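The values are calculated or read from the model by the stated rules, or taken from the named source; none is laboratory data. Source: prediction; values computed, not measured. When we count neighbours, we look across all protein chains shown, and the Cβ atoms used for this are built from the backbone with ideal geometry, even at glycine. Quick note on the areas: whole protein, heavy atoms, side chains included, nothing else; ligands and nucleic acids left out. Shrake-Rupley method; radii C 1.70, N 1.55, O 1.52, S 1.80 Å.
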Amino acid sequence: MTEWWKRAIIYHIYPRSFMDASGDGIGDLQGIRQRLDYLQWLGIDAIWISPVYPSPMADFGYDVTDHCDIDPMFGSVADMDDLIAEAHRHSIKVILDFVPNHTSNEHPWFLESKSSRDNPKRDWYYWKDPKPDGSPPNNWLSRFDGKSAWKWDESTGQYYLHTFLEEQPDLNWRNPEVKEAMLDILRFWFRRGVDGFRVDVSYRVMKDAGFADNPVNPDWKPGMDPSFRVTEQNTKNTADIHLFNRWIRETADEFEDKVTIGEMNLSLPQLARHYGSPERPEFHLPFNFRLIFSAWEARNVGALITEFEATVPEHGWPNWVLSNHDQPRFATRAGREQARNGYLFLLTVRGTPTIYYGDELGMQSVPVPQDKVQDPWELLSPGLGLGRDPVRTPMRWDAGPNAGFCPAGIEPWLPVGDDASSLNVETAKADPASMLSMVKTLIRLRREHEVLISGSCTVLSSTGDVLQYRRGEPGSDSTMLVLLNFSPDEKSADLPADFHGSAEILLSTEMDGAHALRDSSVVLRPNEGLLLRRKR
Ligand code: GLC
């Protein structure tokens, strides 16, 4: 198994919040460059950077006006070239974010498209006539406010489609010129040395060609995400999404060793189809968000491992994600006590892990006061808990002012959080029992023990509050066990026969030597996780 992205640990950077080198309270490319030593020390292999292209920032960079440039807020193309070169010198690959579903409404393409009905770029976006009563062409809803996804344009007398904000008009990928122009953007960055792309909402790019209404969602109730009033049957994961996937993959395959990661929130059997076939491959890694959207419980996590192992096609490779820039942090969803177990899981289960910046410290979502809210989702659908600011707060580097993210006296774009003086890189580095020390140790063990990368993965038990899974073949010298106690109580777990009398603890999430290994069982402390191997 030689593909780098199968062996790699990916680290997701939200660039506004990682490190501010320019002193304006917002992170930037120079800032990321300054922190490469930290990333190398931690042991990660690749960084994925959320969008840094020129943007009016209506959706903080997911509204792009020029895909082949860098927003001055983040730096310049020269800074990106420099970051890529420096990252590579640190043995770190660089993955950028590609936003294919929409552009900014200030993108020159959209300005042209909007200028008249017969503009050559009119068909680059979805323009439709109103229904006879003047209402929008169908019932599709915008993700951010649950209102119509169609915006009326007075000057040309038609509606345009926007799946997200009205500042984010959807591109028409069925137009071959759009397809070519967009794929050329991938080539532009690949030639500059970028190692791969995470493809934003890839599964929404192809909509039903007949623009049929979405069925009403019978399960929707007031208080739920307003955009779920109708299902998304005709607006996501449609049959011909696989065409799009293949265009992306074929373009990546024009170059050597590139990775493509698709963003989609799907069940595991649905996800499996986004790998394509060996003859017609699609995404290398269709993101697996199941642990973001389901309960952190022994039975559920065990069932997900078994289901993923059964559904990932033979030519495919699993991947797991615990947090990202859109959903509450793992240590908030599962609770701080379970944060370490989450990362023991992420770094020992089979598949490529993606670590969200700051999660390695055990950072939780940070409450953001109403008058500091930035995220359009919270502003448009207030009070439903959809706002994403709390998961995008600055990285904490030290116990000093602004946690070392930006200079003293400058207000960071989001608060650093009350616990930043105790929970930060500098403090955690000095503590051999910190979560950061645990994550670093796990990354090292993963490198030292091939079985943690390429060994098989089998759930042995997931009843009660303890999940136990095995890496590698029973009875082999290299096989390992992972045990996670999901409860706040002490739990005892039986070990499989090949570990009787020969189990040895490689790592406890408590990062200490105290443990109760018996001949054929082990006692787990409250919320403890263990990595065991067989004594040599
Ligand atoms: C994806 C991004 C999210 C963004 C949306 C629209 O879900 O992760 O941050 O707002 O797409 O581009």
So which helices (runs of 4 or more DSSP H) stay within segment 255-338 end to end and still have 1 or more residues that are over 20 Å from THR238 (Cα atoms) and not hydrophobic (A, V, I, L, M, F, W, C)? 298-311, 330-333
Could we say that PHE190 is closer than 22 Å to TRP5 by Cβ and more than 16 Å from the ligand (Cβ to nearest atom) here? yes
Of everything in segment 389-414, what is touching a helix residue (DSSP H, G or I) at 6+ places or on another chain (Cβ under 8 Å), open to solvent by less than 40 Å² (accessible area, probe 1.4 Å) and in a loop (DSSP other than H, G, I, E, B)? Give them in sequence order. ARG392, THR393, PRO394, MET395, ARG396, TRP397, PHE405, PRO412, TRP413, LEU414
When you check ALA149 against the structure, is it open to solvent by less than 30 Å² (accessible area, probe 1.4 Å), modelled with pLDDT of 95 or more and away from the ligand (no atom under 13 Å from the Cβ), yes or no? no
Restricting attention to segment 243-279, report how many residues are over 20 Å from THR2 (Cα atoms) and hydrophobic (A, V, I, L, M, F, W, C). 9
Looking only at segment 166-186, count every residue that is farther than 16 Å from ILE261 by Cα and either charged (D, E, K, R) or away from the ligand (no atom under 16 Å from the Cβ) (or both) and tell me the total. 13
Checking GLU309 against (1) among the charged types (D, E, K, R); (2) under 15 Å from the mean Cα position of the chain (by Cα); (3) surrounded by fewer than 19 Cβ atoms within 10 Å (Cβ to Cβ), only one condition comes out false. Which one? (2)
I need the full set of residues from segment 109-146 which are within 16 Å of the ligand (Cβ to nearest atom), open to solvent by less than 30 Å² (accessible area, probe 1.4 Å) and not in a loop (DSSP other than H, G, I, E, B), in order please. PHE110, TYR125
Using the structure shown, decide if THR163 is in a loop (DSSP other than H, G, I, E, B), in contact (Cβ under 8 Å) with a residue 12 or more places away in the chain, β-branched (Val, Ile, Thr) and away from the ligand (no atom under 16 Å from the Cβ). no
Within segment 476-521, which strands (runs of 3 or more DSSP E) (wholly inside it) include 1 or more residues that are without any contact (Cβ under 8 Å) to a residue 24 or more places away in the chain and small (Gly, Ala, Ser)? 503-508
The condition from (1) more than 16 Å from the ligand (Cβ to nearest atom); (2) in contact with an Asp or Glu (Cβ under 9 Å, 6 or more places away or on another chain) that SER323 misses is numbered (1)
Any chance segment 343-350 includes a residue that's assigned to a loop (DSSP other than H, G, I, E, B), touching a residue at least 40 places away in the same chain (Cβ under 8 Å) and open to solvent by 10 Å² or more (accessible area, probe 1.4 Å)? yes
Over segment 422-448, the set of residues open to solvent by less than 70 Å² (accessible area, probe 1.4 Å), part of a helix (DSSP H, G or I) and without any contact (Cβ under 8 Å) to a residue 40 or more places away in the chain is THR427
For segment 152-171, enumerate the residues that are open to solvent by 40 Å² or more (accessible area, probe 1.4 Å) and acidic (Asp, Glu). GLU154, GLU166, GLU167
Tell me the residue from SER508, SER478, SER454, SER492 that is of a type in the set (Gly, Ala, Ser), modelled with pLDDT of 95 or more and over 26 Å from LYS6 (Cα atoms), please. SER492
Here the residues within segment 39-76 that are touching a residue at least 60 places away in the same chain (Cβ under 8 Å) and away from the ligand (no atom under 16 Å from the Cβ) are TRP41, LEU42, GLY43, ILE44, ALA46, CYS68
